[in-house]
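Student: This is the structure, below, for whatever I ask next.
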Amino acid sequence: MSLDFSTLFLVATLICTLLGGMLLYFGRQEKIRALNWWGCAYLLGAAAVAQWQFLSPYVPEIVVLSLASAGFIACGMVWNAARVFHGLKPNWPGLVLGAIAWAAAVVSLPEELSSLRVAIGAGLVAIYAALTAGQLFAERRKTMKRQWPAMLVPLLHGAVLMLPIILAELLPTQGIGTSNNIWVLIFAIELVLYAVGTVFVIFMLVSERTVRAHKTAASLDPLTGLFNRRGFSEATARMIEREAEAGRPVTVMIFDLDHFKSINDRFGHPAGDEVIKLFAAIVSGSLRMSDLCGRIGGEEFAALLPCSIDEAMTAAERVREAFENCGLEVDGAPIATTVSIGIAGGPANIELEVLLAAADTALYQAKRGGRNRVVATVEEPLSLEQGRRRAAQRQEPRQQVIARNAMSIGA
């Protein structure tokens, strides 16, 4: 069965136009600049393919080749779309450099070297494809399992584009022009597959980023930007596991703002929110980047530090002093800002719930002792398994006494 090349390129043009319009629509709806770039690239690429295929019989070849520069600009837009998607600025010189190189090749090379022109054009598109794949590979926030489709599609496009066009010139079919041989047929089919495959990759990337954004939002406290209780638990679980592998201890701190209810009653909830945001900023600025902190309640905060309890005591005192001396005022009236802190440390692989319970006990002691102080647990907390074993050991003698009493009563 023979395939008409004009029909194939017409199908490719229509598909690119449809996909470009769809990308532009979703880009405007979701306010994603990268989708607008990809959509415009598809529309411009469709126009370039259309003019190359359908104007070539009616206008001089030099005009057709010059108009083909739009296709190289479209390739540059695809690369820049990947840059914009990953938060980088568009590379404007790179956007037009391929088109300028192609125009220079068309003007400077005679018609006898048309095969060299084709090779240069294929090479330019392959370079843009490699740049796009490289930009997607540089996005380190995704795992390699998720990265490989995004990198593979543009790389295959560049390879498939180079292979048929160059081999068509090196091994032309007898009696058949370059535009009507098996390699151009492969290119036409690949163009359609590339257009569809690229859109699939684009929406895969957008979907993954949206899911990640929602997951991040669900783990953060909207008022302070710190972890909420759920996010703090998930992040600390990973840190405890990592520190356990290295055999290093961890320490938990629980902060409770003193007399916070009276601040809300006297100055209103907006003032209370400002106090909470101020304390969150102080905690973030006083701890190390490797430490984790979160808001686990109304005026309660917690932090996990990969260090010994002595180092944590020093950090806690630093937070307490900074908050006490912050000098916050509302309508000219000073607000007493103090915090009570409970600290508990444990060995590698200790459960977060155990540390939080021990730190909460120390916090209660700090409040009973007059507030605005740091108290650490004296005893190292037991793991859940050790606690169950000790409880069982305490329970076993008691059961034996009950059994003996029951036997004596029966006698």
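The values are calculated or read from the model by the stated rules, or taken from the named source; none is laboratory data. Note that the structure is a prediction, hence the values are computed from the model and not measured. Quick reminder, even Gly has a Cβ in these numbers, built from the backbone with ideal geometry, and neighbours come from all protein chains shown.
Student: Only one residue in 321, 317 is surrounded by fewer than 17 Cβ atoms within 10 Å (Cβ to Cβ), assigned by TED's automatic domain parsing to the domain that holds residue 251, without any contact (Cβ under 8 Å) to a residue 12 or more places away in the chain and closer than 22 Å to residue 226 by Cα, so which one is that?
Tutor: It is 321.
Student: Taking the residues in region 105-131 that are under 21 Å from residue 78 (Cβ atoms) and of a type outside the set (A, V, I, L, M) as candidates, determine which candidate is surrounded by the most Cβ atoms within 10 Å (Cβ to Cβ).
Tutor: 128
Student: Taking residue 298 as meeting all but one of (1) surrounded by fewer than 17 Cβ atoms within 10 Å (Cβ to Cβ); (2) out of contact with any Phe, Trp or Tyr (no Cβ under 8 Å at 6 or more places or on another chain), write down the number of the exception.
Tutor: (2)
Student: Here's another thing I want to ask about it. Considering only region 334-341, I want to know if a residue exists there that is closer than 19 Å to residue 307 by Cα and either surrounded by 18 or more Cβ atoms within 10 Å (Cβ to Cβ) or at pLDDT below 85 (or both).
Tutor: Within region 334-341, one or more residues are closer than 19 Å to residue 307 by Cα and either surrounded by 18 or more Cβ atoms within 10 Å (Cβ to Cβ) or at pLDDT below 85 (or both).
Student: For region 274-283, check the following and say yes or no: at least one residue is farther than 19 Å from residue 356 by Cβ and not in a helix (DSSP H, G or I).
Tutor: No, region 274-283 has no match at all.
Student: Can you tell me which residues in region 349-364 are assigned to a helix (DSSP H, G or I) and touching a helix residue (DSSP H, G or I) at 6+ places or on another chain (Cβ under 8 Å)?
Tutor: The answer is 352, 353, 354.
Student: Given (1) more than 26 Å from residue 10 (Cβ to Cβ); (2) crowded, with 21+ Cβ neighbours inside 10 Å; (3) modelled with pLDDT under 55, identify the lone condition not met by residue 158.
Tutor: Here residue 158 meets the rest and fails (1).
Student: Which residue, of 239, 289, 253, is in the same structural domain as residue 364 (by TED's automatic domain parsing), within 20 Å of the chain's Cα centre (by Cα) and not in a helix (DSSP H, G or I)?
Tutor: The match here is 289.
Student: Please state which of the following conditions residue 345 fails to meet, knowing it meets all the rest: (1) at pLDDT 90 or above; (2) part of a strand (DSSP E or B).
Tutor: Only one criterion in (1) at pLDDT 90 or above; (2) part of a strand (DSSP E or B) is unmet by residue 345, namely (1).
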